[in-house]
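Chemist: This is the structure I want to talk about, given as structure tokens.
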């Protein structure tokens, strides 16, 4: 293991562990990125969705003004399109159809009733505005408690109640622990519902390519191949007649990792009308009708000994998954993943976890950076703090003492996860040292001149990444995301093109995959072109999500390039008239002593002059490889975050004074990019922690639908995050790479809440809900003052 | 998120704009910088038939330095205040406030007249103008009239402006050179609308104090008792109680949290002025 | 009813008939096919559509094209030959000031204006000045670093935007 600080400057190496600047930057800096809204097809019409303004109701009729007849399309117009069904294999999972356009019933504000088309978006909006929907309104199921009330109206008529599914994990004897444990700590927590908010909203362009006789779908998606498969199924057409292209995608974070009704509806209508269509989601649609994130509730009980050692954990996770089950993840993913990683980095032998997924009249819950783990971390990490308090110890010590020891690796958790490698306590210690706990504790004893209260919060997590077949099979999803392919193909002029099934939308994969090629082939990163995001260009792959692309596609690129390297050495040796074993690759050339030959000459021989090849050598330089990790249970990245806050008890405002992350994602391919992914993740996590929320009122109306009432952190709300790296290679993956795209977003809600509560300790107040708004802080202070008065 | 159709009238003068307003019969709106109106149009939240663009009326961009006051045309932008491209009679308060409004790209186009006409209770100019005892010059079909800022705003998004009137200029009395100001604003984020803001003006030489709290779900609140208590030498909890009681007496039904916030902000506004 | 407007976009004289409701952003993107100006919210908050109007940054999504008759507009495409913008872009490349690239054009426009007005801005000043441009990927750290680096280089070269 080595602690590496990101080598950003003065490094000419371009392979794994170096930080070459990104190949993809140029087009974005010149304003030449091409996002779905930039795409135009001749004869294209703009589509606008007529969305339900009410949460729950039956559609009696829709009045379309005479002048707009023929421009408004309903479910019956695309009846050939099958509904989206995302059912988990879990027993008792209540299935539901998610139709592309509502059939007789709407189930959330934003549910799609019809498609309006016109030459411009503005005119299409005019049509939508002119349509009048006559509803028979049904009682809105606007909250978990309302949904689970005994006589609650059913959102899906054929269900027995409004519960998608309840799953349980039981390891060890929780009842025995309950009876014998000297210390019992209970906690109830809530995480607010919010949106994913990629800066680019979603969008779809569909048109028919007459020459190729195929329907072409441009979608701002993270997984074009998988979209092609499900789209083919729902449209009832062959995958061979479908092409799905993800152009430049302006951020994904999970929200673009679902098969959404919009994609299906636009494709179906375009097919039916023989008319190119474009739908570009606007921000209001994004906030109310794209898949939502979080909204968890926790009931937690820790059983511990006098030193704060947690002996057993009892957890109930309840997630408001909204009105429909999203494909392919299913509605139960969020609660299931939270309960399934609840013990986190801790060695807690006895565990009972119940995951309850509730159906309500809200936009469906989908994956969002950190999926489930943000909630689990929020739960266990605030609970650990509480345990430490109740035994009178510093949370940092209790945290470290409870952690899985490095000598216990690989470690099987009470939630049946196999942690592959790492030193969790050391990571926490380094974080504590960097944030300078002693200095903060000292500062807390001093009176601050501005009356603000200082708090320190820490949070640790372990994160399953790059999991393959075993894990996805265990989850019972409709698709098993077990592998990634790479087709590595040289051009006759000596450039390398990598065709990959992942989708790059900010992660830097057009550079980091080139670095893997450099590692194998010593080809300059600038000579490597990465092609992705087009089902007709790349071999079939699963896309970019679940912190998997670098591990999976990196492994595939490595395997393909290693084979190419062998062949290049053979051809190069032949051209140099050198023994095969005495040549090596460097700087895009094959070297033999002081002589060398450029890859370009090797490629010329391979493609254009087979007569120059060694005898028996096949022409061409092209290899297709498929990679899956040695164990498909995942490579576990982990981290400890620490933050220092100043809470203003007069205004309830929280400022982050310092933020430290020490993390371990195994071997880092590009430390510059790794660090930036961590920082970007932290910024989103701070959004969850402090700013982002879509509350619903009793009518099921979302109360935040624009950036005027929905806040994401800006440059002044995100501190300079200090990132420390540890590198424990995964034993299961090529190069020991672990996934790390999501990690940064996992710990901030827990770290911030712990810090705020540490600050509020002197007032005997505590907050238990995210986002930690000024109102919530002031209310917590007021209610504790009220208790003091009445006591 | 595109506006519903509307017709467009480019006004050549204030009188021309007023005539167009009159002709619009309540369905015409003035477009100044557009930084609030156009978002509302995009969201289809502002039903109207006609937009009357006053941006070409040059007189509205002018500022005049008079002996006792400064007169700002309605189209003077926030950035013009921020950059001190217009005269200041407020001992620097107005440039300071301007620099805190939204973001630079918005300040470059947003105007003082447009902001005041909207009367968003959380917007900065309203509270500032009430604090500075400014007045608005209003043009209508019957001619011009002046109204004190404090009387101009009736409630949240509600003003004294008739449907065929427009703000032509803002007149801010020159403040005493010995007066000091305090400003305190809390917003969830930089550039966001205030959750609470207070402006305090204190002139020890004249034994004068004025305290205004904004973002109070209605017109800014002028806390006269609190200002007097401050002059009487009350501080800390004693002053806090007066502020709190006066806020409560305003009948705005503040939540406990909001009341705490406004009280704190008012205290800090006064403190800021006193410290200078 | 459409209205005829004449304006300068990236140095070119443009004359077009526009619907009054057409925003500058849609005019640039759909009429002129200048798609570097991105729409992230269409209500003036996110800053992705920031362009220069008569020499100052403005939100193209909440500016009506019809009202900009006679104006001079400059988008990121129009800064291709601008030396200062070249330095800023290179700094964004070196300091990893972008990820998905969607906010980047607006960031570059705001950054150039900031450096022109406040070449000495410190971290806090840069963060404040850039607070009207939202980025969902970077956490802003790389952006702040990029702007600081560009400002330093430009000032040491004695160049200002």
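The values are calculated or read from the model by the stated rules, or taken from the named source; none is laboratory data. Predicted model, so just to flag it, every value in this text is computed and none were measured. Please note: Cβ atoms are built from the backbone with ideal geometry, for glycine as well, and neighbour counts cover all protein chains shown.
Chemist: Please determine, by comparing only the residues of segment B:226-262 that are in a loop (DSSP other than H, G, I, E, B) and under 23 Å from the mean Cα position of the chain (by Cα), which one is surrounded by the most Cβ atoms within 10 Å (Cβ to Cβ).
Modeler: B:254
Chemist: Report yes if residue A:357 is on the phi > 0 side of the Ramachandran plot, within 22 Å of the chain's Cα centre (by Cα) and crowded, with 24+ Cβ neighbours inside 10 Å, otherwise no.
Modeler: No, not satisfied.
Chemist: Can you say whether residue C:98 is within 14 Å of chain B (Cβ to nearest Cβ) and either assigned to a loop (DSSP other than H, G, I, E, B) or buried (at least 24 other Cβ atoms within 10 Å of the Cβ) (or both), as far as the supplied structure shows?
Modeler: no
Chemist: Tell me, which residue of segment C:44-84 that is free of Cβ contacts under 8 Å to residues at least 40 places away in the same chain and within 23 Å of residue B:41 (Cα to Cα) is farthest from the other protein chains (Cβ to nearest Cβ)?
Modeler: C:60
Chemist: Which of (1) surrounded by fewer than 20 Cβ atoms within 10 Å (Cβ to Cβ); (2) farther than 22 Å from residue B:143 by Cβ; (3) away from every other protein chain (no Cβ under 11 Å) does residue B:58 not meet, given it meets every other one?
Modeler: (2)
Chemist: Picking from A:195, A:268, which residue would you name as being away from chain C (no Cβ under 14 Å) and crowded, with 24+ Cβ neighbours inside 10 Å?
Modeler: A:268
Chemist: Let me ask you something else. If we keep just the residues of segment A:37-52 that are within 19 Å of residue A:284 (Cβ to Cβ) and away from chain C (no Cβ under 11 Å), which is surrounded by the fewest Cβ atoms within 10 Å (Cβ to Cβ)?
Modeler: A:51
Chemist: Next question, about the same structure. Name the pairs whose Cβ atoms lie under 6 Å apart, with the first residue in segment C:128-141 and more than 7 Å from every other protein chain (Cβ to nearest Cβ) and touching a residue at least 40 places away in the same chain (Cβ under 8 Å), the second part of a loop (DSSP other than H, G, I, E, B) and crowded, with 24+ Cβ neighbours inside 10 Å, and 6 or more positions between them or separate chains?
Modeler: Here the result reads C:133/C:47, each pair linking segment C:128-141 to a residue that is part of a loop (DSSP other than H, G, I, E, B) and crowded, with 24+ Cβ neighbours inside 10 Å.
Chemist: If you go through segment A:722-732 one residue at a time, do you hit one that is modelled with pLDDT of 95 or more, within 14 Å of chain C (Cβ to nearest Cβ) and either within 28 Å of residue C:128 (Cα to Cα) or in a loop (DSSP other than H, G, I, E, B) (or both)?
Modeler: yes
Chemist: List every residue pair whose Cβ atoms lie under 8 Å apart, where the two residues are 6 or more positions apart in sequence or sit on different chains, the first residue falls within segment A:234-253 and is within 11 Å of chain C (Cβ to nearest Cβ), and the second residue, located anywhere, is in a strand (DSSP E or B).
Modeler: Listed by first residue and then by second, the contacts come to A:248/A:35; A:249/A:35; A:250/A:35.
Chemist: If you go through segment A:777-788 one residue at a time, do you hit one that is within 14 Å of chain B (Cβ to nearest Cβ), more than 20 Å from residue B:196 (Cβ to Cβ) and assigned to a loop (DSSP other than H, G, I, E, B)?
Modeler: Checked segment A:777-788: no residue is within 14 Å of chain B (Cβ to nearest Cβ), more than 20 Å from residue B:196 (Cβ to Cβ) and assigned to a loop (DSSP other than H, G, I, E, B).
Chemist: While we're looking at this one, here's another question. Do we have residue A:108 as within 32 Å of the chain's Cα centre (by Cα) and surrounded by fewer than 24 Cβ atoms within 10 Å (Cβ to Cβ) here?
Modeler: So residue A:108 fails the test.
Chemist: State whether the residues of segment C:112-127 include one that is away from chain B (no Cβ under 14 Å), closer than 26 Å to residue A:26 by Cβ and surrounded by 24 or more Cβ atoms within 10 Å (Cβ to Cβ).
Modeler: no
Chemist: Considering each residue of segment B:163-190, count those that are crowded, with 20+ Cβ neighbours inside 10 Å and within 14 Å of another protein chain (Cβ to nearest Cβ), and give that number.
Modeler: Of the residues in segment B:163-190, 3 are crowded, with 20+ Cβ neighbours inside 10 Å and within 14 Å of another protein chain (Cβ to nearest Cβ).
Chemist: Shifting gears a bit: Being more than 9 Å from chain A (Cβ to nearest Cβ) and within 14 Å of residue A:30 (Cα to Cα): is that true of residue C:87 here?
Modeler: So residue C:87 fits the description; yes.
Chemist: Here is a further query. Name the residue that is surrounded by the fewest Cβ atoms within 10 Å (Cβ to Cβ), counting only residues in segment B:24-43 that are more than 8 Å from chain C (Cβ to nearest Cβ) and in contact with a strand residue (DSSP E or B) (Cβ under 8 Å, 6 or more places away or on another chain).
Modeler: B:27
Chemist: Tell me which residues, restricted to segment A:588-603, are at positive phi and surrounded by 12 or more Cβ atoms within 10 Å (Cβ to Cβ).
Modeler: A:588
Chemist: Say whether the condition of being surrounded by fewer than 21 Cβ atoms within 10 Å (Cβ to Cβ) and under 22 Å from the mean Cα position of the chain (by Cα) is met by at least one residue in segment A:606-629.
Modeler: Scanning segment A:606-629, I find at least one residue that is surrounded by fewer than 21 Cβ atoms within 10 Å (Cβ to Cβ) and under 22 Å from the mean Cα position of the chain (by Cα), so the answer is yes.
Chemist: Can you spot a residue in segment B:139-146 that is closer than 24 Å to residue B:210 by Cβ and crowded, with 24+ Cβ neighbours inside 10 Å?
Modeler: No, because not a single residue in segment B:139-146 is closer than 24 Å to residue B:210 by Cβ and crowded, with 24+ Cβ neighbours inside 10 Å.
Chemist: Return only the number of the condition from (1) away from chain B (no Cβ under 14 Å); (2) at pLDDT 95 or above; (3) outside any helix (DSSP H, G or I) that residue C:149 does not satisfy.
Modeler: That leaves (3) as the condition not met.
Chemist: Given the criteria assigned to a strand (DSSP E or B), in contact (Cβ under 8 Å) with a residue 24 or more places away in the chain and either within 14 Å of another protein chain (Cβ to nearest Cβ) or crowded, with 20+ Cβ neighbours inside 10 Å (or both), does residue A:451 qualify?
Modeler: No.
Chemist: May I pose another question? Within segment B:134-156, can you find the residues that are touching a helix residue (DSSP H, G or I) at 6+ places or on another chain (Cβ under 7 Å), over 14 Å from residue B:113 (Cα atoms) and assigned to a loop (DSSP other than H, G, I, E, B)?
Modeler: Scanning segment B:134-156 gives a single hit, B:141.
Chemist: Something else about it: How many residues, within segment A:83-105, are part of a strand (DSSP E or B) and buried (at least 20 other Cβ atoms within 10 Å of the Cβ)?
Modeler: Qualifying residue count, segment A:83-105: 2.
Chemist: Against the condition in contact (Cβ under 8 Å) with a residue 12 or more places away in the chain, surrounded by fewer than 24 Cβ atoms within 10 Å (Cβ to Cβ) and not in a loop (DSSP other than H, G, I, E, B), how does residue A:300 come out, does it pass?
Modeler: yes
Chemist: Check segment A:558-569 and report whether any residue there is without any contact (Cβ under 8 Å) to a residue 40 or more places away in the chain, assigned by TED's automatic domain parsing to the domain that holds residue A:511 and over 30 Å from residue A:253 (Cα atoms).
Modeler: Looking through segment A:558-569, at least one residue is without any contact (Cβ under 8 Å) to a residue 40 or more places away in the chain, assigned by TED's automatic domain parsing to the domain that holds residue A:511 and over 30 Å from residue A:253 (Cα atoms).
Chemist: Residue A:547 fails exactly one of the following numbered conditions: (1) in a loop (DSSP other than H, G, I, E, B); (2) modelled with pLDDT of 95 or more. What is the number of that condition?
Modeler: (2)
Chemist: Can you tell me which residue is nearest to the other protein chains (Cβ to nearest Cβ) among those in segment C:1-43 that are free of Cβ contacts under 8 Å to residues at least 12 places away in the same chain and crowded, with 19+ Cβ neighbours inside 10 Å?
Modeler: For segment C:1-43, the residue satisfying everything is C:35.
Chemist: Could you count how many residues in segment A:336-352 are farther than 16 Å from residue A:471 by Cα and out of contact with any helix residue (DSSP H, G or I) (no Cβ under 6 Å at 6 or more places or on another chain)?
Modeler: 5
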